[in-house]
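Reviewing the structure listed below.
Bear in mind these aren't lab numbers, they're just calculated from the coordinates by the rules spelled out. These figures come from a predicted structure and were not determined experimentally. Note that each Cβ is placed from the backbone with ideal geometry, even for glycine, and that neighbours are counted across all protein chains shown.
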Amino acid sequence: MRMLRRIAAASLLALAAGAFAQVTDYHDIKTPPLRKFAMPQPKRIVLGNGMVIFLEEDHELPLIKGRALVRGGARDVPAGKAGMLTIYTQAWRTGGTAANTGDQLDDLLEARAARVETGGGTDSTTVSLDTLKDDFDVVFPIFLDVLRKPQFRADKIELAKTQANTGISRRNDEPTGILGREVQKLGYGAASPYARQSEYATIASITREDLLAFHDRTVHPNNIILALIGDFDGAKMEKRLRDTFGSWARGPQVTKPSPAMTPAKAGIYFISKDDVTQANIAMVHPGIERSNPDYAAVQVMNAVFSGGFSGRLMQSLRSQRGLTYGVGGGVGAPWDYPGLFRIQMATKSETALESVQALRDEAQRLVTAPVTAEELSLAKESILNAFVFTMDTREKALNQQVLLELYGFPPDYFTKYPALIEKVTAADVERVAKKYVHPDQLAVLVVGNEKSFEKPLSTLGNVTTIDVTIPPPPGK
């Protein structure tokens, strides 16, 4: 018996030693290839007036969610009315409808734990609903009224303008906010619709008539993509939506404005902020659009460059040199307008110039240093392992189809995306790095207290100082 126990104990020790031996080096861990994954796709319906509708049945919970996405956003606002979209999207909901004030809508919806909200962004605005299935017949008419018959009551417009002015007054409080705002101007040009900023004067110029005119220009069925998901019968819901929207007449089509990019010249730009102990640094030059045929290779390149702790930026500037807690960057590729190549980090003031030079070196190394097999493998794995979580629920899959519809991409775009990533080679990464990354064209922006820098910023070259003083309100 003792002999058997000794043999058993020895076997357990051997197994334990073998198990621990398997995890001493992550290179030894063998993982099977990712299995194919397909999420059911929503039904697409096109009405005669041009409205596109997506329906997705989901009977797991007695809920119904919906969203009307309307083409036309901040980039479609006149330059002299910068900030208008914020006022518009807030007062769209708070200003109520012809039937109810915004406060009355709050009471009606809160009594049913339902929501009808408005929002917006660069290229679109939205009206959304979220309700229990049994309350849909009450909430859906409210949703329709908000979508088509907003009142933009004067008191709510004034409240939204007051809040916008408060934001303007505080926009120079945080260095990261200053950096993000001003580097957009360097990348696109201050007059670009993708870099404009609101001022007291532009907010003061906004009127109720401006909001009504923007609504009348954009909210038409041929500019709308409607998506519904939840516990409903698809055939019955389709009939209801056809009856509701089918007779709505077409209107003018919203078209995107020209990007009109005027990027800043390469060089050093500085914004003085004496009340901070860190230097915030960003570098920027023009990027690409997502429709670019090199998009997949650029994404892999970005992952090599800035893919978390395994990326070159973190390995060099944090792990090896201890200059920062976090750094990131890459070539941006928005859906339908050019993005920016951008690198950004924060460091203590005493290592500001060292960090600028280190970032420049890494941008240069991305162009010149070959991509190793390990870098390529880690980059592709990180993209593909994360990709499944972009469509792991019916709602996410629905939202993907709405995006593809909005920007005119084929409905199987995301289905084909993993294969495009898998095909990317090291040679592809090196090619796109040389094509889209230009270290000699970088506009470098530093926000901080130059008195605390290890050397004068002019050591790096000619410095252009940017004045971020906030212009006073009209008449003051």
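General remarks:
- Distance in nm between pseudo-label sites at Asp155 and Met261 (7 Å out along the Cβ direction from Cα): 4.7
- Cα gyration tensor shape for the chain, rounded if a/c is under 1.5, else prolate or oblate: oblate
- In terms of its Cα atoms, the range 74-180 spans 48, 26, 24 Å along the principal axes, sorted from long to short.
- Distance between modelled label sites at Lys396 and Gln357, nm, 7 Å Cα→Cβ extension: 4.4
- Peptides ranked, highest mean first, by Cβ atoms within 10 Å: ranges 452-459, 115-122, 346-353: 346-353, 115-122, 452-459
- Candidate lysines - alpha carbon under 28 Å from Lys133, same-chain residues fewer than 8 apart omitted: Lys43, Lys65, Lys149, Lys236, Lys239, Lys396
- Positive-end residue, the chain charge dipole about Cα centroid, Cβ charges, pick of Thr347, Phe232, Leu144: Thr347
- Helix-only mean residue ellipticity at 222 nm for the chain, each DSSP H run of n ≥ 4 adding -39500 (n - 2.57), per residue, nearest 500: -12500 deg cm²/dmol
- Within the range 43-245: Cβ-based charge dipole about Cα centre, in debye rounded to nearest 20 (Lys, Arg +1; Asp, Glu -1): 760
- Test item: Cα-centred dipole of the chain, Lys/Arg +1 and Asp/Glu -1 on Cβ, debye: 680
- Inter-part distance where the range 380-430 and the range 312-370 are each reduced to a Cα centre, Å: 25
- For the peptides 385-395, 286-296, the ranking by packing is 286-296, 385-395, with the highest mean count of neighbouring Cβ atoms within 10 Å listed first.
- With a Förster radius of 22 Å applied to the beta-carbon distance between Arg365 and Thr425, the computed FRET efficiency rounds to 0.70.
- Averaging the sequence gap over all C-alpha pairs within less than 8 Å and six or more residues apart, then dividing by the number of residues, gives the chain a relative contact order of 20 percent.
- Residues with amide H under 5 Å from that of Phe270, placed H, sequence gap 5 or more: Val446, Thr464, Thr465, Ile466
- Approximate shape of the range 43-245 as ellipsoid semi-axes (Cα gyration tensor, √5λ), whole Å, largest first: 33, 19, 16
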